[in-house]
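Asks: One structure follows; several queries about it will come next.
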Amino acid sequence: MNTIKQLTIKNDRNQPIKSISHQDIYSLHDLLEQLNSWQNALNLLNNFFSDKQRPVNKKKIASNYYACSQIFCTFHKDFSQALQEMEKQITELRQKEKVKY
């Protein structure tokens, strides 16, 4: 009887390494780029909310408040969706088949 012995590739802690495709890596990279794209808008919001100018210019605050609230609401929705997508991708990566040699 001919038996084929399969070896499992293991890491330093003697645990099997999971199979991760380039597509999985690119998918996570795309999600990271999506989150990074918010950097400029978030800096704008940070400047708006951390403006410590005295005296307070109520007209300027009132005119910018609506625009900043819309940016924040859009960011919050997109960030929540991206976070859910990232959690889904991480769960899928954790369930990937172990690499066999």
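Asks: On a full-extension model of 0.36 nm per residue, what is the gain between E87 and I61, subtracting their alpha-carbon distance, rounded to one decimal in nm?
Replies: 5.7 nm
Asks: Expected output is a single nm value to one decimal: the length gained when fully extending between A41 and D12, i.e. 0.36 nm times separation in residues minus the C-alpha distance. What is it?
Replies: 6.2 nm
Asks: If you don't mind, another one. Gain in length, S27 to S80, computed as 0.36 nm per residue apart minus the alpha-carbon separation, to one decimal in nm?
Replies: Length gained between S27 and S80: 17.4 nm.
Asks: Another question, if that's okay. May I ask you to give the average projected area over all directions of the convex hull of the Cα atoms of the stretch 20-95, in nm² rounded to one decimal?
Replies: The Cα convex hull of the stretch 20-95, projected and averaged over all directions, gives 5.8 nm².
Asks: Here is a further query. List the aspartates and glutamates whose Cα sits under 15 Å from the Cα of K88, skipping any in the same chain fewer than 8 residues away.
Replies: In chain and number order, the partners are D24, D30.
Asks: Share of the stretch 20-95's accessible area from carbon and sulfur, percent, 1.4 Å?
Replies: 56 percent
Asks: Below 20 Å, Cα to Cα, which aspartates and glutamates can K59 reach? Residues fewer than 8 away in the same chain don't count.
Replies: Within reach: D51.
Asks: Another question about this same structure. Hey, what do the phi angles of the stretch 73-89 turn into as Karplus ³J(HN,Hα) couplings, whole Hz, using 6.51/-1.76/1.60 and θ = phi - 60°, x for Gly and Pro?
Replies: Karplus values, whole Hz, x for Gly and Pro: 4, 5, 4, 4, 5, 5, 5, 4, 5, 5, 5, 5, 5, 5, 4, 4, 5.
Asks: Another one. Return the loop-located GluC sites (Glu not before Pro) in the stretch 24-101 (DSSP other than H, G, I, E, B) with at most 16 other Cβ atoms within 10 Å of their own Cβ; answer none if there are none.
Replies: Listed in order of number, the matching sites are E97.
Asks: Moving on. Using θ = phi - 60° and the Karplus form 6.51 cos²θ - 1.76 cosθ + 1.60, what ³J(HN,Hα) does each residue of the stretch 57-62 get, whole Hz, x for Gly and Pro?
Replies: For the stretch 57-62, the Karplus curve yields 8, 5, 5, 5, 4, 4 Hz.
The values are calculated or read from the model by the stated rules, or taken from the named source; none is laboratory data. Predicted model only: the values in this text are computed from it and were never measured. Note that we place each Cβ from the backbone using ideal geometry, even for glycine, and neighbour counts take in every protein chain shown. Just so you know, the surface numbers come from the protein's heavy atoms only, side chains and all, with ligands and any DNA or RNA stripped out. Shrake-Rupley method; radii C 1.70, N 1.55, O 1.52, S 1.80 Å.
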